[in-house]
Amino acid sequence: DTAVSQTPKYLVTQMGNDKSIKCEQNLGHDTMYWYKQDSKKFLKIMFSYNNKELIINETVPNRFSPKSPDKAHLNLHINSLELGDSAVYFCASSLTGSTDTQYFGPGTRLTVL
Amino acid sequence: DQQVKQNSPSLSVQEGRISILNCDYTNSMFDYFLWYKKYPAEGPTFLISISSIKDKNEDGRFTVFLNKSAKHLSLHIVPSQPGDSAVYFCAVYNYGQNFVFGPGTRLSVLP
């Protein structure tokens, strides 16, 4: 019955590799998000996406790209991984994109060696 | 350039007492404010929110206070319970923008 799920939970990989993190929500929400929790524990928005619009945080390198095969999924692709990409990545969803409560997935801890 | 600050990284409170978590923000244009709670190895979960037209919102043991002139938000938990031990994130929102989260405060409720 998990509302927002992410796979994998842990991801360890070498620098320079390309990897993906999957996110699925079964809440029927229209908007999905990716957040990065950095070393200082700040949760920073990377992308928000609904079937009409992708909003990208301008500080996110273009090595990161969201892919949405359908409304229930928003996957995160990362190319040419760097050491600084090591963090916990959270997926979230909300009914619409305004002040609706965001429901978070459990997070994916990415470690780049 | 932190738009949202939670200056106490951690807080310890005795069970049954009041827990007060604080949050300060810099932009007076923010108009919606939330608190999220996070347990280890889980994602944040929504706790309570308040819009800028109010100064207080209560939900059971949880009350959020908003002081717009001071750009200050606080969460009161009364009475505190051991199960409240978690990291609490303050989040703010400006219409048309995305949520901005603070760095969190780790609350420990001691039995």
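The values are calculated or read from the model by the stated rules, or taken from the named source; none is laboratory data. Remember, predicted model here, so these are calculated numbers, not experimental data. With ideal geometry, Cβ positions are generated from the backbone for all residues, glycine too; neighbour counts draw on all protein chains shown. Quick note on the areas: whole protein, heavy atoms, side chains included, nothing else; ligands and nucleic acids left out. Shrake-Rupley method; radii C 1.70, N 1.55, O 1.52, S 1.80 Å.
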TODO: Mind giving me the nanometre distance, one decimal, between the label points for A:Glu53 and A:Glu82, set 7 Å out from Cα along Cα→Cβ?
DONE: 2.9
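If r is the Cβ-Cβ distance from B:Lys56 to B:Leu110 and R0 is 25 Å, what FRET efficiency results, to the nearest 0.05?
Details: r = 27 Å, r/R0 = 1.10.
FRET efficiency, B:Lys56 to B:Leu110: 0.35.
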Task: Heavy-atom accessible surface of the protein assembly as shown: percent carbon and sulfur, 1.4 Å - done: 49
TODO: Using DSSP to define loop residues, name the GluC sites (Glu not before Pro) in region A:1-72 whose beta-carbon has at most 16 other beta-carbon atoms within 10 Å.
DONE: A:Glu53, A:Glu58
TODO: Over chain B, give the accessible area per residue in Å² for a 1.4 Å probe, as an integer.
DONE: 49
TODO: Note down the nm distance, to one decimal, between modelled labels 7 Å out along Cα→Cβ at A:Leu95 and at B:Phe46.
DONE: 0.8
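Counting protein heavy atoms only and a 1.4 angstrom probe, how many square angstrom of accessible surface do chains A and B bury in total, to the nearest 100?
Summing both chains' loss of accessible area gives about 1600 Å².
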- [ ] Can you send over the solvent-accessible area of B:Trp35, 1.4 Å probe, protein chains only, in Å² to the nearest 10?
- [x] 0
Task: Space enclosed by the convex hull of the alpha-carbon atoms of the protein assembly as shown, per residue, Å³ - done: 127
- [ ] Work out which residues of region B:8-44 lose at minimum 20 square angstrom of accessible surface when the other protein chains are put back, relative to the chain isolated, with a 1.4 angstrom probe, and list them by number.
- [x] B:Tyr32, B:Tyr36, B:Lys38, B:Ala41, B:Gly43, B:Pro44
Task: 23 Å Cα-Cα threshold exceeded, pairs from A:Lys36/A:Lys67; A:Lys9/A:Lys41; A:Lys9/A:Lys67; B:Lys37/B:Lys71; A:Lys41/A:Lys71; A:Lys9/A:Lys40 - done: A:Lys41/A:Lys71
Task: chain A, relative contact order in percent, only Cα pairs under 8 angstrom and at least six apart counted - done: 38
- [ ] Run the numbers on region B:1-102 and let me know its relative contact order in percent, using alpha-carbon pairs under 8 Å that are six or more apart.
- [x] 35
